[in-house]
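Engineer: Have a look at the structure that comes next, please.
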Amino acid sequence: MARDYVVSARFVDLLDGMINYMAANPAAPESADDLAMKRRIVRDLSRDVIADSLARSLAANASLDVLKAGLAHARSDIGRLEFGCMSRWPQPAEGYQACLEAGASKAQILRMAEHGETESGWPLVNKLLKGDAIVTALNASTRDLASRDSEIAAQLADYCKRKPSEGMCGYSADATAEQATSADGAAGDDDERP
């Protein structure tokens, strides 16, 4: 259910636009090699891994009833329009509103606003857009890419040694934390055995 919502609400499209924008417009000066690496990572990240990670985050933080209502909205005429406009990021802030006004009647916009106030509206959207869900999804997808591509893995390792606080370097910290959690869980299992 959560994955259907993530796909229907086009969160992967939104995230894809965000990461492509950031790769094309770095906040700080980067070398040509670092920019090329980042653009290749963005190109090759698994969108399925991103969707699965977002869905897991959402499933852990939303009730089944809220997910059902959110999915029904995302699949509705107004939901498809609303999430279609949202997924076009990056666009100027007024672009979202202009997109809605160009494609929806005033009655539909009112229905969107009313739904936005429900638990399956903006509060559900914000469970993915605010907090750690996006960072976790990007780290999972980066980790997946590094496991499949030894050249990228080597470039990332070098880059993260030079710039350990860079956001994309969180993929290795997440992996270390997951391994520690797994080891703690395994140790706990051993302690409980007779």
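The values are calculated or read from the model by the stated rules, or taken from the named source; none is laboratory data. Remember, it's a predicted structure, so these values are computed and weren't measured experimentally. Every residue, glycine among them, receives a Cβ derived from its backbone with ideal geometry; neighbour counts consider all protein chains shown. Surface accessibility is based on the protein's heavy atoms, side chains included, excluding ligands, DNA and RNA. Shrake-Rupley method; radii C 1.70, N 1.55, O 1.52, S 1.80 Å.
Engineer: Suppose we filter segment 14-34 for residues that are over 17 Å from N139 (Cα atoms) and either acidic (D, E) or touching a residue at least 60 places away in the same chain (Cβ under 8 Å) (or both); how many remain?
Structural biologist: Step one: filter segment 14-34 for residues over 17 Å from N139 (Cα atoms), giving 21, 24-34.
If we keep only those that are either acidic (D, E) or touching a residue at least 60 places away in the same chain (Cβ under 8 Å) (or both) as well, we get 21, 30, 33-34.
Of the residues in that region, 4 qualify.
Engineer: Collect the residues in segment 129-155 that are over 16 Å from the mean Cα position of the chain (by Cα) and in a helix (DSSP H, G or I), keeping them in residue-number order.
Structural biologist: From segment 129-155, those over 16 Å from the mean Cα position of the chain (by Cα) are 146-155; that's our starting set.
If the condition is that a residue be over 16 Å from the mean Cα position of the chain (by Cα) and in a helix (DSSP H, G or I), then A146, S147, R148, S150, E151, I152, A153, A154, Q155 are the ones that fit.
Engineer: Counting only residues that are open to solvent by 30 Å² or more (accessible area, probe 1.4 Å) and outside any loop (DSSP other than H, G, I, E, B), how many does segment 58-79 have?
Structural biologist: Number of matching residues: 10.
Engineer: In this structure, does I109 turn out to be under 30 Å from I41 (Cβ atoms), out of contact with any Phe, Trp or Tyr (no Cβ under 7 Å at 6 or more places or on another chain) and either open to solvent by 20 Å² or more (accessible area, probe 1.4 Å) or modelled with pLDDT under 95 (or both)? I'd like the intermediate steps shown before the answer.
Structural biologist: Details: under 30 Å from I41 (Cβ atoms): no; out of contact with any Phe, Trp or Tyr (no Cβ under 7 Å at 6 or more places or on another chain): yes; either open to solvent by 20 Å² or more (accessible area, probe 1.4 Å) or modelled with pLDDT under 95 (or both): yes.
In short, no.
Engineer: OK, next. Grab the helices (runs of 4 or more DSSP H) fully contained in segment 1-54, keeping just those with 2 or more residues being among the basic types (K, R) and modelled with pLDDT under 95. Please lay out each step first, then the result.
Structural biologist: On the way: elements: 2-8, 11-24, 32-44.
So the answer is 32-44.
Engineer: I need a count of the residues in segment 80-128 that are farther than 21 Å from D4 by Cα, in contact with a helix residue (DSSP H, G or I) (Cβ under 8 Å, 6 or more places away or on another chain), small (G, A, S) and in a loop (DSSP other than H, G, I, E, B).
Structural biologist: Matching residues across segment 80-128 total 1.
Engineer: All but one of (1) more than 30 Å from M37 (Cβ to Cβ); (2) modelled with pLDDT under 95 hold for D65; state the number of the condition that does not hold.
Structural biologist: (2)
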